[in-house]
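The values are calculated or read from the model by the stated rules, or taken from the named source; none is laboratory data. Model, not experiment: these values are computed from the prediction. As a convention, Cβ positions derive from the backbone with ideal geometry for all residues, glycine included, and neighbour counts pool all protein chains shown.
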Amino acid sequence: MENFTAGMQSLATTLDKISQRSGEAISWLTLLMVTITCLVVLLRYVFDLGWIWLQESVTWMHAMVFMIGAAFTMQREDHVRVDILYRGMTLRKQAWVNLLGTLFLLFPTTLLILFSSLGYAHDSWNYREVSQEAGGLQALYILKAVIPLAATLLTLQGLSLALHSVLVLIGVTPGREATGTSQELKP
Amino acid sequence: MSYAALLLFFGVIVVLMAGFPVAFSLAGTALIFAFGGIVLGVFDPNFLFTLPSRLFGVMTNDTLMAVPLFVFMGIMLERSQIAETLLDTLSLLFGTLRGGLGIAVTIVGMLLAASTGIVGATVVTMGLLSLPTMLKRGYDPRLATGTICASGTLGQIIPPSIILVLLGDVLSSAYQQSQISRGIFNPKTVTVGDLFVGALLPGLLLVSLYILFIMIYALLKPESMPAASPELRQGLSGLQLGKRVVLVLLPPLSLILAVLGSIIAGVATPTEAAAVGALGATLLAISRRQLNLDRLRDVMRGTTSVSSMVFLILIGASVFSLVFRGFGGDEAVRHLLLQLPGGALGAMVAVMLVMFLLGFVLDFIEITFVVVPIVGPVLLSMGLDPVWLGVMIAINLQTSFLTPPFGFALFYLRGVAPPQIKTSDIYIGAMPFVAIQLLALCLIAIWPELATWLPEVIYGN
């Protein structure tokens with residue numbers, strides 16, 4: 001039994017790390033988005049130049065940031081909750097909410113997105129689909145492949161949350177404070 | 001059929017109350033209903049097959065690309081601690097006036113809110129910075145907390161505001177839809193820029209009303225907000241003080257004006273303006289020696305997080321509205337609103353009331369993405385002006401976040417207020433500002449030109 005819970009714990013920690021690293025890496029794109037958009041403005045007003053693909057690259061980065069960053073955001077506890085009741089719950093009750101929520105709300109969503117988007121991205125690959133704009137970016141299937149990738153990462157982070165919750169419920173870990181680190185940054 | 005949609009709506013609210021993240025609660029509950037509907041043969045599974053292309057639509061929505069860039073700018077400004085110097089200097093300027101510190105707090109709150117657009121951070125920052133000073137100067141704790149909460153929520157209405165970007169995107173598709181449903185196939189459009197311009201006067205109206213209230217209160221109850229003694233200025237001459245005021249006000253003001261100005265003048269899209277604003281905020285942070293690698297990482301990660309949070313709610317809400325529509329909910333809401341007595345006015349009042357109540361449990365983002373797409377097309381097809389509607393929704397929700405006992409802004413302040421401040425003080429302090437908000441709503445309802453005049457002047461018809 002002890003081995004089993006230790007295994008659960010280390011699996012959850014590993015999954016957390018995956019979310020963390022992927023989010024930290026993808027967050028650099030936000031800086032790049034600022035830079036490239038400013039560059040687009042500069043090129044247009046100073047040099048009278050405009051490239052569709054450069055502009056599209058910002059859209060791509062934006063999509064990748066929030067899709068791939070979703071698991072990272074979840075790991076940081078930054079997805080908003082309606083916390084009127086949740087805030088006052090015991091850690092055990094919170095663990096129940098998180099376990100049941102993951103099983104019945106998160107998994108159905110991410111798995112449906114994952115399986116429905118696999119075909120969607122695959123079709124795009126088969127046609128070697130390119131941007132509809134003339135002069136746009138070529139490999140549109142890469143952007144479409146971001147959907148199943150993000151769904152996979154979210155499913156893994158969901159698994160981690162479920163494991164953490166079970167560990168709290170069987171009394172192995174005391175549970176963590178579930179307040180987001182940047183909740184107050186909400187617009 | 002529409003009973004299922006009604007059930008879904010209440011089901012989602014019940015599930016949301018449990019406290020699992022909103023994005024997954026919205027999508028998950030809708031999917032459970034959809035599966036149930038498929039099993040019972042009352043829901044067409046084909047609705048679900050459009051999911052990936054809807055998702056892709058969210059990913060490639062160009063209007064909403066402004067959101068992460070505005071978030072970047074906001075977090076960068078928040079981290080570069082402009083609030084401190086602004087508050088120090090402005091309280092020097094107004095401090096010797098009776099009620100002057102209150103006015104200074106309102107103005108700093110407005111500037112901070114406008115430039116960062118982040119309500120929580122503004123309330124928290126102002127609560128930490130100005131509440132202790134106000135209390136030390138002998139201000140009535142109720143007035144002090146009310147002022148901070150109210151000016152903190154201004155970030156939602158005063159452009160450039162992230163919320164107005166979201167609302168602008170949703171309203172623009174609702175507007176198209178309402179016109180196409182009336183057989184207008186060459187529809188007029190409404191843009192984020194229109195909404196920014198439209199919200200400008202109402203936002204300034206609110207600030208003026210706040211300041212007016214503080215001034216009147218200072219006349220009626222002078223002991224509630226004593227003026228500081230003239231020694232506060234430490235022998236600074238008027239000219240020196242003037243120079244300092246200009247120096248601290250210049251960077252944030254010019255940033256706001258540059259971002260807003262370029263959008264209004266039509267030289268930049270909101271996305272481009274936001275990126276330039278983010279660059280400006282970064283340069284400002286560097287010039288104030290507030291930027292290092294750690295802080296940059298912090299800003300980038302915060303941006304990723306907030307942006308993911310917003311867009312996942314949008315995704316969750318679009319799954320929800322897909323299923324809601326699949327059950328015929330859109331039609332049901334349309335019938336309901338059309339049957340209300342009083343025509344457009346009756347429908348508008350009902351919608352505003354429902355949104356106000358939903359604002360107690362849901363965030364601006366959720367209401368924008370879940371409720372506005374459902375009711376927006378109906379209201380607009382009754383002939384309401386989209387800019388006016390957007391401004392009314394924004395002020396309505398801002399009011400909701402100020403209203404005890406559930407207002408978000410009040411919770412944020414409670415979190416940082418010293419323990420000797422009673423929660424009831426914060427609640428009572430917010431009341432007059434809630435009244436001001438309602439007054440502003442009435443004024444804009446009576447004179448819609450407050451919201452629609454400026455966009456017409458700038459953009460013509």
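For B:Phe9, the stated conditions do not hold, so it cannot be described as facing chain A (nearest Cβ under 7 Å) and either in a loop (DSSP other than H, G, I, E, B) or not β-branched (Val, Ile, Thr) (or both).
Please determine, by comparing only the residues of segment A:155-187 that are at the interface with chain B (Cβ under 9 Å from one of its Cβ atoms) and in a helix (DSSP H, G or I), which one is modelled with the highest pLDDT. Filtering segment A:155-187 for residues that are at the interface with chain B (Cβ under 9 Å from one of its Cβ atoms) and in a helix (DSSP H, G or I), the one modelled with the highest pLDDT comes out as A:Gly158.
Answer with yes or no whether B:Thr122 is in contact with an Asp or Glu (Cβ under 6 Å, 6 or more places away or on another chain), surrounded by 24 or more Cβ atoms within 10 Å (Cβ to Cβ) and within 26 Å of B:Ile365 (Cα to Cα).
On the way: in contact with an Asp or Glu (Cβ under 6 Å, 6 or more places away or on another chain): no; surrounded by 24 or more Cβ atoms within 10 Å (Cβ to Cβ): yes; within 26 Å of B:Ile365 (Cα to Cα): yes.
Criteria not met by B:Thr122.
Of all the criteria given as (1) over 30 Å from A:Arg81 (Cβ atoms); (2) touching a residue at least 40 places away in the same chain (Cβ under 8 Å), the one not satisfied by B:Glu272 is (2). Within segment B:25-42, the residues that satisfy the criterion of being surrounded by fewer than 17 Cβ atoms within 10 Å (Cβ to Cβ) and more than 9 Å from chain A (Cβ to nearest Cβ) are B:Gly36, B:Ile38, B:Val39, B:Leu40, B:Gly41, B:Val42. Can you work out which of the residues in segment B:363-403 that are in a loop (DSSP other than H, G, I, E, B) and within 19 Å of B:Phe10 (Cα to Cα) is farthest from the other protein chains (Cβ to nearest Cβ)? The selected residue is B:Val371. The residues of segment A:119-146 that are closer than 23 Å to A:Trp51 by Cβ and surrounded by fewer than 18 Cβ atoms within 10 Å (Cβ to Cβ), listed by number, are A:Arg128, A:Glu129, A:Val130, A:Gln132, A:Glu133, A:Ala134, A:Gly135, A:Gly136, A:Gln138, A:Ala139, A:Ile142. Please work out which one of (1) in contact (Cβ under 8 Å) with a residue 40 or more places away in the chain; (2) crowded, with 23+ Cβ neighbours inside 10 Å; (3) within 22 Å of the chain's Cα centre (by Cα) is the condition B:Ala104 fails and give its number. Only one criterion in (1) in contact (Cβ under 8 Å) with a residue 40 or more places away in the chain; (2) crowded, with 23+ Cβ neighbours inside 10 Å; (3) within 22 Å of the chain's Cα centre (by Cα) is unmet by B:Ala104, namely (1). Against the numbered list (1) facing chain B (nearest Cβ under 10 Å); (2) without any contact (Cβ under 8 Å) to a residue 24 or more places away in the chain; (3) within 17 Å of the chain's Cα centre (by Cα), A:Gln55 comes up short only at (3). If the condition is being of a type outside the set (Phe, Trp, Tyr), crowded, with 21+ Cβ neighbours inside 10 Å and closer than 11 Å to B:Leu26 by Cβ, then segment B:319-341 contributes B:Val319, B:Val323. Out of B:Leu206, B:Leu195, B:Leu166, B:Leu219, report the one residue that is more than 14 Å from the chain's Cα centre (by Cα) and either of a type in the set (A, V, I, L, M, F, W, C) or away from chain A (no Cβ under 14 Å) (or both). Just a single option satisfies the conditions, and that option is B:Leu219.
Among the candidates A:Thr59, A:Thr13, the residue that is crowded, with 20+ Cβ neighbours inside 10 Å and among the β-branched types (Val, Ile, Thr) is uniquely A:Thr59. Among the residues of segment A:124-147, those that are over 15 Å from the mean Cα position of the chain (by Cα), more than 10 Å from chain B (Cβ to nearest Cβ) and in a helix (DSSP H, G or I) comprise A:Trp125, A:Asn126, A:Tyr141, A:Ile142. Selection of segment B:43-94 for residues being closer than 24 Å to B:Ser305 by Cα, away from chain A (no Cβ under 14 Å) and assigned to a helix (DSSP H, G or I) yields only B:Ile82.
Per-residue answers, yes or no, for (1) among the hydrophobic types (A, V, I, L, M, F, W, C); (2) part of a helix (DSSP H, G or I):
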{"position": "A:Ala6", "(1), (2)": "yes, yes"}
{"position": "A:Ser10", "(1), (2)": "no, yes"}
{"position": "A:Arg21", "(1), (2)": "no, yes"}
{"position": "A:Gly50", "(1), (2)": "no, no"}
{"position": "A:Gln55", "(1), (2)": "no, yes"}
{"position": "A:Val65", "(1), (2)": "yes, yes"}
{"position": "A:Gly69", "(1), (2)": "no, yes"}
{"position": "A:Met89", "(1), (2)": "yes, no"}
{"position": "A:Lys93", "(1), (2)": "no, yes"}
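Please specify each residue of segment B:420-461 satisfying the condition of being modelled with pLDDT of 90 or more, in contact with a Gly (Cβ under 9 Å, 6 or more places away or on another chain) and surrounded by fewer than 16 Cβ atoms within 10 Å (Cβ to Cβ). Across segment B:420-461, the qualifying residue is only B:Met431. Comparison of B:Arg295, B:Arg288 shows that the only residue that is more than 9 Å from chain A (Cβ to nearest Cβ), basic (Lys, Arg) and farther than 17 Å from B:Pro251 by Cβ is B:Arg295. B:Ala150 falls short on exactly one of the conditions (1) aliphatic (A, V, I, L, M); (2) modelled with pLDDT of 90 or more; (3) closer than 22 Å to B:Gly460 by Cα, and that condition is (3). In the set B:Phe406, B:Phe360, B:Phe411, only one residue is surrounded by fewer than 23 Cβ atoms within 10 Å (Cβ to Cβ), part of a loop (DSSP other than H, G, I, E, B) and within 14 Å of chain A (Cβ to nearest Cβ); that residue is B:Phe406.
Quick one: how many residues across segment A:16-52 are closer than 30 Å to A:Gly158 by Cβ, within 14 Å of chain B (Cβ to nearest Cβ) and buried (at least 19 other Cβ atoms within 10 Å of the Cβ)? So the count comes out to 8. When segment A:94-103 is filtered for residues that are touching a Ser or Thr at 6+ places or on another chain (Cβ under 6 Å) and facing another protein chain (nearest Cβ under 8 Å), only A:Asn98 remains. Selection within segment A:66-93: residues that are touching a residue at least 12 places away in the same chain (Cβ under 8 Å) and more than 8 Å from chain B (Cβ to nearest Cβ). The member of this set that is surrounded by the most Cβ atoms within 10 Å (Cβ to Cβ) is A:Ala71. A single entry from B:Leu257, B:Leu312, B:Leu293 fulfils the requirement of being modelled with pLDDT of 90 or more and farther than 30 Å from B:Leu48 by Cβ: B:Leu293.
Restricting attention to segment B:263-285, which residues are closer than 20 Å to B:Ile163 by Cβ, among the hydroxyl-bearing types (Ser, Thr, Tyr) and at the interface with another protein chain (Cβ under 9 Å from one of its Cβ atoms)? Of everything in segment B:263-285, just one residue is closer than 20 Å to B:Ile163 by Cβ, among the hydroxyl-bearing types (Ser, Thr, Tyr) and at the interface with another protein chain (Cβ under 9 Å from one of its Cβ atoms), namely B:Thr271.
Of all residues in segment A:64-123, none satisfies the criterion of being at positive phi and modelled with pLDDT of 90 or more.
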